[in-house]
Amino acid sequence: MVDIRRISTNRWWHKKKNWWLFIFLLFLFFVRISKGSLYKDFYYLVSKPFWPGQFQREVLAKSVEQEYLIRLKQLEKDNKRLREILALQRLSDSESISATVISRKTGGFWRQIILNKGVKDGVEVGSFVVGPGGLLGRINNTSLFTSTVRLLTSPESKVGVWVERIQSHGLLVGSGNDYPKIIFYSKDVDIKVGDFVLSSPASTLLPPNIPIGIIQSIDEGVLAKKTANILLLGKPQAIDWVEILKVQI
């Protein structure tokens, strides 16, 4: 009788180590049957406490907000450029000639750009050229297929201008750098930094009130006259499309 009990207690299911092995094999079987879904659910439950919390969500929200802000600024920039181009395109074909910049020398002594329109397109020496931002310069040389624009920054450039706020005329003279000077032949002219400079309404060659630039600094060192440096609105070093205003007879 004693021998029978000893045999029964020695069966494999009475051993704890065998039960652990059985459970492990059963677990592997379920993993196999479920194709890993049981493991994934287990990982889901274990990792849930470590998921991104409120702080991480705020960081992500801030990143998304910055991305939208950058996109908005780019759209505003593109919109401004398109508006400037459309403003130029409002000039009728009888008043202007569209042209593309094919070469530019905006630094050093030679301050000029070359356009892809010439005599065959009706371009004449003396015609003014405008681009996105405003007045750029004047045609000083033509060939059959091209024309050269003397920029407002050229030392040889001289254009009559108008400061609208004080209703006063001046002469814009290129100085060989990026900041031409406006000369007023009166010491009492009340110009201020930030005043807008436009084409003169008294000009017979140029339409009035074309934007040119903004007064950046004032020089009162000359006794007989007052001069100021101008920040031009048109940027010839960056534009690729212009309008040539036909000479009015």
**Message:** Here's a check for you: in the stretch 89-111, which residue that is buried (at least 16 other Cβ atoms within 10 Å of the Cβ) and closer than 12 Å to LEU245 by Cβ is modelled with the lowest pLDDT?
**Reply:** LEU91
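Could you check how many residues of the stretch 134-172 are out of contact with any Leu (no Cβ under 9 Å at 6 or more places or on another chain), of a type in the set (S, T, N, Q) and on the phi < 0 side of the Ramachandran plot? Talk me through it step by step, then tell me what you get.
First pass over the stretch 134-172, keeping only residues out of contact with any Leu (no Cβ under 9 Å at 6 or more places or on another chain): 140-145, 150, 154-156, 165-171.
Retained after the next criterion (residues that are of a type in the set (S, T, N, Q)): 140-143, 154, 167-168.
Those left that are additionally on the phi < 0 side of the Ramachandran plot: 140-143, 154, 168.
Number satisfying all stated conditions: 6.
Given ILE182, ILE239, which one is assigned by TED's automatic domain parsing to the domain that holds SER127, in contact (Cβ under 8 Å) with a residue 24 or more places away in the chain and either in a strand (DSSP E or B) or surrounded by fewer than 17 Cβ atoms within 10 Å (Cβ to Cβ) (or both)?
Numbers: ILE239 fails: either in a strand (DSSP E or B) or surrounded by fewer than 17 Cβ atoms within 10 Å (Cβ to Cβ) (or both).
Being assigned by TED's automatic domain parsing to the domain that holds SER127, in contact (Cβ under 8 Å) with a residue 24 or more places away in the chain and either in a strand (DSSP E or B) or surrounded by fewer than 17 Cβ atoms within 10 Å (Cβ to Cβ) (or both) holds for just one of ILE182, ILE239, which is ILE182.
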**Request:** Tell me which residues, restricted to the stretch 114-132, are buried (at least 20 other Cβ atoms within 10 Å of the Cβ) and either within 21 Å of SER203 (Cβ to Cβ) or hydroxyl-bearing (Ser, Thr, Tyr) (or both).
**Result:** VAL123, SER127, PHE128, VAL129, VAL130, GLY131
**Request:** Using the structure shown, decide if GLN216 is of a type outside the set (A, V, I, L, M, F, W, C), assigned to a loop (DSSP other than H, G, I, E, B) and under 19 Å from ARG111 (Cβ atoms).
**Result:** no
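Working only within the stretch 131-164, note down all residues that are assigned to a strand (DSSP E or B) and closer than 25 Å to ILE191 by Cα.
Let us first name the residues in the stretch 131-164 that are assigned to a strand (DSSP E or B), namely 131, 134-142, 147-151, 158-163.
Those that are assigned to a strand (DSSP E or B) and closer than 25 Å to ILE191 by Cα: GLY134, LEU135, LEU136, GLY137, LEU151, LYS158, VAL159, GLY160, VAL161, TRP162, VAL163.
Say whether the condition of being without any contact (Cβ under 8 Å) to a residue 60 or more places away in the chain, among the hydrophobic types (A, V, I, L, M, F, W, C) and out of contact with any strand residue (DSSP E or B) (no Cβ under 9 Å at 6 or more places or on another chain) is met by at least one residue in the stretch 206-218. Reasoning before the result, please.
Taking the stretch 206-218 and keeping what is without any contact (Cβ under 8 Å) to a residue 60 or more places away in the chain, we get 207-209, 214-218.
With the extra rule that they be among the hydrophobic types (A, V, I, L, M, F, W, C), the set shrinks to 214-215, 218.
Narrowing the set further to residues that are out of contact with any strand residue (DSSP E or B) (no Cβ under 9 Å at 6 or more places or on another chain) leaves none.
Within the stretch 206-218, none of the residues are without any contact (Cβ under 8 Å) to a residue 60 or more places away in the chain, among the hydrophobic types (A, V, I, L, M, F, W, C) and out of contact with any strand residue (DSSP E or B) (no Cβ under 9 Å at 6 or more places or on another chain).
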**Item:** Residue, modelled with the highest pLDDT, within the stretch 176-201, restricted to residues that are out of contact with any Phe, Trp or Tyr (no Cβ under 7 Å at 6 or more places or on another chain) and polar (S, T, N, Q)
**Value:** ASN177
**Request:** Quick one: count up the residues across the stretch 133-154 that are modelled with pLDDT under 90 and more than 19 Å from SER203 (Cα to Cα).
**Result:** 1
**Message:** Against the conditions (1) touching a residue at least 40 places away in the same chain (Cβ under 8 Å); (2) part of a strand (DSSP E or B), where does GLY234 fall short? Just the number, please.
**Reply:** (2)
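Specify which of the listed residues (VAL161, VAL197, VAL173) is buried (at least 17 other Cβ atoms within 10 Å of the Cβ), among the aliphatic types (A, V, I, L, M), in contact (Cβ under 8 Å) with a residue 40 or more places away in the chain and in the same structural domain as TRP241 (by TED's automatic domain parsing). Quick ask: steps written out before the conclusion?
Working: VAL197 fails: in contact (Cβ under 8 Å) with a residue 40 or more places away in the chain; VAL173 fails: in contact (Cβ under 8 Å) with a residue 40 or more places away in the chain.
Exactly one residue qualifies, and that residue is VAL161.
The values are calculated or read from the model by the stated rules, or taken from the named source; none is laboratory data. If you're wondering where the values come from, they're calculated on a predicted model, not measured in any experiment. Every residue, glycine among them, receives a Cβ derived from its backbone with ideal geometry; neighbour counts consider all protein chains shown.
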